[in-house]
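Reviewing the structure listed below.
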Amino acid sequence: MECTHCHGQLNRYIDGELGYVEVAELQQHLGFCPDCARELRELSALRGTLAAWGGTALAPSPGFAERVMTGLAAEPAPGSPRPLGQVVDETLDTLDRALGHLPLPGGRKVPVKNVIGWALAAIALVEAGRRRGRREREARSW
Amino acid sequence: MASSNPKEWRTPPDPSPADLARAAAGEHDAFRLIVERYQSMVYSVAYNLLGAHVDAEDAAQEVFLRCYRTLPQYRRESSFSTWLFRLALTTSLDYQRRERRRPEPAELPDVADGAPGLGEGVDARTLVDALAELPDDYRTPTVLRDVYGLPYQEIADLTGRPLGTVKVMVHRGRAALRLRLRAGGVRGDA
């Protein structure tokens, strides 16, 4: 069974987020706890592995640059007015970044901007129904 | 906001100011030089965040398309490679939110610059599979933190999550990866 004494501390330790006293206490614990010492060695090795992977240049499939340039052929020159669809796409991406997502049951997520959109649509429907009802009442009263 | 800081030895040298000016003016030959020089860096970022080759190529194409459109707005406040690296991060995360497929553990991209030294007993196959098995909520912040070395605050800004949540996700991602890679040999016994 693994020691739970420094649960969470080891991550903060390798991230350099512990204070002087916390580091001293942790190092003292590591001196006699083989579980935590092993976990620290594994975490350090993992970080080294991931950093090495980050420095690894992966290659796209052959002809990638050509496909990019083909895709650019239909593009207007940089800085010229952009098509409406492109502006809408970029605005929606920006909204997604700014507003985030709401978690749903089953691990799914829904963009907050969609929820806002649905809420606005629902309000518009209710308001339209209310106005229609009012018009009908007014028509009947005449 | 803190700046992204891709490792120097991974990023190619910046294009000359004259080449950048020509590309920003819409000269395709000048932009082709940028694509050829940075395609590996951009694709690597997209692959590590998305975990699927098809998605990574789609996102990488989108990165260069956005680069072409926004190049006139590049103000030289950072190096071009840092600017493009950040564009690759934000575009890949946008792609992930929009239309990402699940990672496909069977596919392994070509390594452009030789076999990496990933640690004793760990090969690229093992690591790619372990990353692909992580849920997105763990994978994305863990990749940003430990693969690309971004500060926690910048990860929080990029992903739109609270700082504390990001830290918890990274800690859980590391724990999950550590368990998965134990069988692959990352034991830190040296």
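Kindly check whether there is at least one residue in the stretch B:130-138 that is at the interface with chain A (Cβ under 10 Å from one of its Cβ atoms), over 12 Å from the mean Cα position of the chain (by Cα) and of a type in the set (D, E, K, R).
Within the stretch B:130-138, one or more residues are at the interface with chain A (Cβ under 10 Å from one of its Cβ atoms), over 12 Å from the mean Cα position of the chain (by Cα) and of a type in the set (D, E, K, R).
Those residues that are more than 28 Å from the chain's Cα centre (by Cα) and either surrounded by 16 or more Cβ atoms within 10 Å (Cβ to Cβ) or within 18 Å of residue B:168 (Cα to Cα) (or both), I need them from the stretch A:1-36; list them, please.
Taking the stretch A:1-36 first, the residues more than 28 Å from the chain's Cα centre (by Cα) are A:1-6, A:19-36.
Hits for the stretch A:1-36 are A:4, A:5, A:6, A:26, A:30, A:33, A:36.
Any idea which residue in the stretch B:1-41 is modelled with the lowest pLDDT, counting only those that are among the charged types (D, E, K, R) and within 20 Å of residue A:56 (Cβ to Cβ)?
Just the residues of the stretch B:1-41 that are among the charged types (D, E, K, R), to begin with: B:7-8, B:10, B:14, B:19, B:22, B:27, B:29, B:32, B:36-37.
Next cut, within 20 Å of residue A:56 (Cβ to Cβ) only: B:7-8, B:10, B:36-37.
Details: B:7: 49, B:8: 45, B:10: 61, B:36: 94, B:37: 93.
Filtering first and then ranking leaves B:8.
List the number of the failed condition for residue A:62; all other conditions in (1) surrounded by 15 or more Cβ atoms within 10 Å (Cβ to Cβ); (2) more than 9 Å from chain B (Cβ to nearest Cβ) hold.
Failed condition: (1).
For residues that are free of Cβ contacts under 8 Å to residues at least 24 places away in the same chain and more than 8 Å from every other protein chain (Cβ to nearest Cβ), scanning just the stretch B:19-70, find the one that is nearest to the chain's Cα centre (by Cα).
Across the stretch B:19-70, the extreme among qualifying residues is B:33.
Can you tell me which residue in the stretch A:81-129 is nearest to the chain's Cα centre (by Cα), limited to those that are part of a helix (DSSP H, G or I) and loosely packed, with under 10 Cβ neighbours inside 10 Å?
A:107
Report, by residue number, each residue of the stretch B:51-60 that is crowded, with 23+ Cβ neighbours inside 10 Å and either closer than 23 Å to residue A:79 by Cα or modelled with pLDDT of 90 or more (or both).
Residues satisfying the conditions are B:56, B:59, B:60.
Looking at A:10, A:30, which one is closer than 27 Å to residue B:143 by Cα and either in a loop (DSSP other than H, G, I, E, B) or at pLDDT 90 or above (or both)? First the steps, then the outcome.
On the way: A:30 fails: closer than 27 Å to residue B:143 by Cα.
Checking each option against the conditions leaves just A:10.
The values are calculated or read from the model by the stated rules, or taken from the named source; none is laboratory data. What you see is a predicted model, and the numbers here were worked out from it, not measured in a lab. So basically every Cβ, Gly included, is an ideal-geometry build from the backbone, and we count neighbours across all protein chains shown.
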